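The values are calculated or read from the model by the stated rules, or taken from the named source; none is laboratory data. None of the values given here were measured: they were computed from a predicted structure. Neighbour counts run over all protein chains shown; Cβ positions are idealised from the backbone, glycine included. To get the accessible areas, we keep the full protein, side chains included, count just its heavy atoms, and leave off ligands, DNA and RNA. Shrake-Rupley method; radii C 1.70, N 1.55, O 1.52, S 1.80 Å.
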Amino acid sequence: TVTRPNAYNIYLGTGKLRRLVYLYDTAGEIYDDSRALSEADFYRFTKGLVLCVDPFSLAGLRKQVDAATLDNVRSLDKDPKDVLERLTENLREWRIRGRGDKLSIKLAVVLTKADALQPAQIRHPYASLSTLNGEGSRRAARDAAVRDWIDEVGVRMDLVTSITNNFQTTSFFVVS
């Protein structure tokens, strides 16, 4: 049986700039079952992806916090790199390619649960940015800060490298 993701329609913008966005909310469990993933035919309609990364799922960060914190933030030990590998493999099966060997689908990487970092005594990805009125307000600076944070704090340089090697267009964000 193929598990279909939840789908949502939302409108963004107004007037001539109003656009209908059709979102698929694919449960992370689909990435555990390669058969279910290969049957996920909704990929052929996909123009962009949002990869949500629980920072507490990164092995480097998991080693820095106690079990009670991990329970409190309801973190799973599912490695985001494994999810990314299955996702890119499936997208390649659907032949969604752009220039060279990179995927043409835009990817937004969203680091979640930022509100739980400070109580766990982990620095926030944007902590290295000077101010929100200066360098910190620039999209490129925030993007680079998240990439660097994943490399340093999350100890997953290969995750960022794999993302940039597999997708033509990427952007990194932090949310609480």
Non-local residues with an amide H under 5 Å from the amide H of LEU103, with H modelled 1.01 Å from N and Pro and chain starts lacking one, are GLY98, PHE167, GLN168
Taking alpha-carbon centroids only, region 102-118 lies from region 43-67 a number of Å equal to 7
Any lysines whose Cα falls less than 26 Å from that of LYS102, other than same-chain ones fewer than 8 residues away, would be LYS47, LYS78, LYS81
Amide H proximity to LEU111 below 5 Å, modelled H, separation 5+ or other chain, gives VAL53, PHE173, VAL174, VAL175
In nanometres, the difference between 0.36 nm per residue of separation and the alpha-carbon distance of ALA67 and ASP79 is 2.6 nm
For 159-165, 139-145, ranked highest to lowest by mean beta-carbon neighbours within 10 Å, the order is 159-165, 139-145
Counting only protein heavy atoms with a 1.4 Å probe and every protein chain in place, the carbon and sulfur fraction of the accessible surface of region 42-83 in whole percent equals 49
Of 9-21, 61-73, 117-129, 79-91, ordering from highest average Cβ density within 10 Å down gives 79-91, 117-129, 61-73, 9-21
